[in-house]
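*Asks:* Submitted below is the structure of interest, expressed as structure tokens.
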Amino acid sequence: MTKRTFLITGASSGLGRAFAQGALAAGHTVVGTVRKAEDLEKFEALAPGLAHARQLDVTDDQAVFDVVGEVERTVGPIDVLIANAGYGHEGVFEESSMAELRAQFDTNVFGLAATVHAVLPGMRKRRSGHIFAVSSMGGLMTVPGLAYYCSSKYAVVGMLETLAKEVAGLGVRVTILEPGSFRTDWAGRSMVRSERSIADYDELFDPIRAARQAASGNQLGDPAKAAEAVLKVIEAEKPPVHLLLGSDALRLVASGRAAVAADIEAWEELSRSTDFPDGHQIAAN
């Protein structure tokens with residue numbers, strides 16, 4: 001197994017921490033970014049000499065580029081990026097503010113995009129590298145009360161799926177991770193929740209919020225096994241562009257995709273009716 005240098009954002013807890021621990025246990029060098037200064041020493045203590053911590057807010061574009069540049073100068077070329085930094089927002093769409101939506105995208109979408117932008121030139125020039133972006137099963141299906149979160153993860157899927165096609169001939173591999181529910185603090189302290197204000201949504205949403213809070217800490221997914229899966233993908237000759245993690249992700253994404261397929265089939269005739277009758281195609285939209 002080739003020893004690699006990883007950059008993992010949001011590495012102080014949750015899946016980011018698990019990805020880092022798995023890579024370190026396999027003997028790789030890992031640079032993990034954390035938000036708080038007090039987490040720097042804790043991260044480096046995971047594996048002295050192999051674990052390197054950097055303080056970073058991924059919503060600061062210039063800081064992202066500065067950190068990536070400094071890491072490549074002092075630690076070494078980044079072979080694997082795991083763009084993991086992000087958080088969840090829970091709230092009925094009508095009850096959630098525009099400020100909350102912008103904040104969700106600032107971290108989950110724009111922060112991730114900045115990180116990918118920062119590492120991509122080096123990987124492209126070296127004709128080598130693997131970019132992982134942590135989306136969610138919520139980037140391929142939806143549930144009530146996660147409109148802002150799911151929309152941010154759908155954006156990640158669209159962006160990275162496109163990137164995968166652009167760099168396929170340049171030696172850079174792209175994998176979008178789409179986890180189900182994992183036993184992390186995502187539904188706990190890492191979740192921002194909008195206050196309830198509209199009684200019309202009580203019957204639909206109150207049980208969903210209560211169930212999610214009750215399940216926190218008892219989720220099906222094992223973060224350590226997710227890290228093992230990532231390491232297997234890195235070694236694969238033909239890694240996937242999409243990787244679902246967890247049996248719940250398999251079940252719920254399949255159900256969501258089946259609903260889309262059913263709409264396509266049911267309305268196929270109307271869809272076709274919008275073409276010019278001669279069938280002449282000038283350009284694809």
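*Asks:* Please go through region 67-106 and pick out each residue that is farther than 15 Å from residue 151 by Cβ, of a type in the set (Asp, Glu) and under 22 Å from the mean Cα position of the chain (by Cα).
*Replies:* 79
*Asks:* Restricting the first residue to region 236-248 and requiring it to be assigned to a loop (DSSP other than H, G, I, E, B), which pairs with a second residue that is of a type in the set (D, E, K, R) meet a Cβ separation below 7 Å and a spacing of at least six or different chains?
*Replies:* Every condition considered, the pairs that remain are 239/173; 241/161.
*Asks:* Now, a different point. Can we say residue 63 is modelled with pLDDT of 95 or more, open to solvent by 20 Å² or more (accessible area, probe 1.4 Å), over 30 Å from residue 210 (Cα atoms) and hydrophobic (A, V, I, L, M, F, W, C)?
*Replies:* In short, yes.
*Asks:* Give region 105-136 a look and list any residue that's of a type in the set (S, T, N, Q) and surrounded by fewer than 23 Cβ atoms within 10 Å (Cβ to Cβ), or say none.
*Replies:* 107, 128
*Asks:* Residue by residue through region 78-93, note down the ones that are more than 14 Å from residue 172 (Cβ to Cβ) and open to solvent by 10 Å² or more (accessible area, probe 1.4 Å).
*Replies:* 84, 85, 86, 87, 92, 93
*Asks:* Of all residues in region 125-148, count the ones that are in contact (Cβ under 8 Å) with a residue 60 or more places away in the chain and over 16 Å from residue 176 (Cβ atoms).
*Replies:* Number satisfying all stated conditions: 4.
*Asks:* Scan region 218-254 for residues that are more than 24 Å from residue 4 (Cβ to Cβ) and either open to solvent by less than 40 Å² (accessible area, probe 1.4 Å) or of a type in the set (Phe, Trp, Tyr) (or both) and jot them down.
*Replies:* Selection gives 219, 221, 246, 248, 249, 253.
*Asks:* List every residue pair whose Cβ atoms sit under 7 Å apart, with the two residues 6 or more apart in sequence or on different chains, where the first one lies in region 152-175 and is on the phi > 0 side of the Ramachandran plot and the second, anywhere, is at pLDDT below 95 and of a type in the set (Lys, Arg).
*Replies:* Here the result reads none, with nothing in region 152-175 linked to a residue that is at pLDDT below 95 and of a type in the set (Lys, Arg).
*Asks:* State which residue is least open to solvent (accessible area, probe 1.4 Å) when the search covers only region 137-176 and only residues that are of a type in the set (D, E, K, R) and part of a helix (DSSP H, G or I).
*Replies:* 153
The values are calculated or read from the model by the stated rules, or taken from the named source; none is laboratory data. It should be emphasised that the depicted structure is a prediction, and the values quoted were computed from it without experimental measurement. Using ideal geometry, Cβ is built from the backbone for each residue, glycine included, and neighbour counts are taken over all protein chains shown. These accessible areas exclude ligands, DNA and RNA; they are computed on the full protein's heavy atoms, side chains included. Shrake-Rupley method; radii C 1.70, N 1.55, O 1.52, S 1.80 Å.
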